[in-house]
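A short worksheet on the structure shown next.
The values are calculated or read from the model by the stated rules, or taken from the named source; none is laboratory data. Keep in mind that this is a model prediction, so the values were computed, not measured. Note that we place each Cβ from the backbone using ideal geometry, even for glycine, and neighbour counts take in every protein chain shown.
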Amino acid sequence: MSIKRFIDGLSFFRKELLVYVIFAVLPMLGVTFYNYQKTREILLTESHQEMQQVIETTARGLDSTFAGYETVLDLIYANKTIYGYLCADYAELSYWEMFSYIDQQMSNIMVVNPTIRRIRFYSTNQTLPSDNYYFYREEELPEGYDTLAETNRGACVAGGVLEEKDATCLAFFRNMNLYASGTMKNGLLLEVEADTIAAQLKQTDEKRSLYLVNADGQILAASGDGMGEQMSRYLPGWEELSEQETKLQIDDSSFVGISRPLDMGMRLILLADQESLNANVEGVTRAILLIFLVSAATAIIAIWLYGRISSERVNKVVYAAHRMGEGRFDYVLTDMGGDEIGQISDAFNLLGSQIQTLIRENYEKQLMLKTSEMNLLQEQINPHFLYNALSVISSTALREGGRRTVASVRYLADFYRISLNKGLTIVTVKEEVELLKNYMKIQKLRFEDMVDIVYDIDEAAYPYRTLKLVLQPLVENAIHHGRREDCVLHIVVRVGLAPDAVIYQIRDDGEGISKERLSELRGELKRSQEGFGLKNVDIRVKLNYGEKYGVTLDSEYGQGTEVTVRIPRVPDA
């Protein structure tokens, strides 16, 4: 069978699949294997470069740290006053002046360099007092330190690790023989807490280790274990390491090692697990191959799915029709093309958009209705209050026939002067408080000393805007439900500011509310049922500011009631 006849006998879908495999998958496979090899080489190179960067960066940091300690040693070495004190004959001299001077100098140094734990002097001067703090006999010097310093021609050297009672320290030493012909020998030892140095060697990669060793091969600090031990235990032949990477075989493991010389005869050694480096590289390259295989398989599946696209597009239109039938008009058909199916989709989208416009217009009408409802709630308060106020005036007029009646009318006029407010429902907090005070003047004519009200007002709240007639219905409610016969009702009105709200609080010591009734009232507030007092205020606040704000109620039967109202902080324009 010829190739042409074989291809002609294939379906359109299979022809597409064959073309894709020949002209896309096979070339992509070749490119992927090429990238696999190049990526592997690049990652290996970057891993080794990272090792070089790590040891270089750490070495620079350590050199900077050690330079400070070396400077301290040099400054003390060059101080001829200290040298003179060390060489003086104290057989007949008092050493107090010497001790005071050296103590002051050492204290100043350790204040400037807080990582320095102690400074010691070792001397062959038999008359120099040995206090085991600053001054020690030459024979008390740790073994090998003097020889190590002489080997380095008297320069500063890293002595080794010293175990103190409460800390592990690193010792740096130098001879203090200013004159080669002198017979008296002095040495200077500086102790630094080992943790200060070890912290600079910490590594995020557990397969990589850093070691700081002195000239004798003792490990002064390490990124892991080993401090105080010999480097040869971990790496035989470590002296042969150079600044170039060296491959090492330790037991059955392969490592890469690098060494960098540091000041005071020290060396920094980096060891990295060669197998872990290769494993990281292999992981990345395997991921590249996996991505290719997944991509190729995905593309083949996509070609297979392409034949079903047309039927799925029709199904999308049917689905949109079902959604519209269920009242979901926000579903939009996208990327449907420009053919007949696409034109039907555009018609569905247009129909859904028009229906949403009608719904939005209806919502705006409902919003206007809600505003009217809030205005109606507002207007419910004025006749209710007017009825009560006129009752007070009527009772007052019957009792005393004149003067107090005039005062009642004047108070009522002041109340309505603010309350009417040219038909506006928004006033300032200051006006709201004045409105309440005018109302209470009328109530005081009625109840006299049987109702006592105290105002605790934060005047910083005065400029903020508020709904009109919030406080008055709540205080009226407290008088109506809280007052008991033959008992003075005490009411405290507080107005204050929270970070995001104006807080009204009305507290009385009246009758209080039983637990059952309190639960009912809280439920009514949540359901925003209509009514006067608490519910009226809560509904108006929520209608105007949202569900986040409103009235909260707390009461204990026989103890009193506390009502709190939160409204947002809105400055007056």
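Remarks
- Every pair of residues 6+ apart whose Cβ atoms lie under 8 Å, when the first sits in the range 45-62 and is in the same structural domain as residue 210 (by TED's automatic domain parsing) while the second is part of a helix (DSSP H, G or I) and at pLDDT 85 or above: 58/200; 58/201; 61/200; 62/197; 62/200
- Some residue of the range 178-186 being closer than 29 Å to residue 91 by Cβ, assigned to a strand (DSSP E or B) and in contact (Cβ under 8 Å) with a residue 24 or more places away in the chain: yes
- For the range 182-240, the candidate set comprises residues that are among the β-branched types (Val, Ile, Thr) and modelled with pLDDT under 85; within that set, the residue that is farthest from residue 261 (Cα to Cα) is 183.
- Residue list for the range 206-243, restricted to those being among the acidic types (Asp, Glu) and touching a residue at least 40 places away in the same chain (Cβ under 8 Å): 216
- Scoring residue 194 on the criteria (1) under 14 Å from residue 161 (Cβ atoms); (2) more than 43 Å from the chain's Cα centre (by Cα) leaves a single failure, condition (2).
- Hits in the range 254-293 (condition: under 20 Å from residue 205 (Cα atoms), over 39 Å from the mean Cα position of the chain (by Cα), aliphatic (A, V, I, L, M) and modelled with pLDDT of 85 or more): 258
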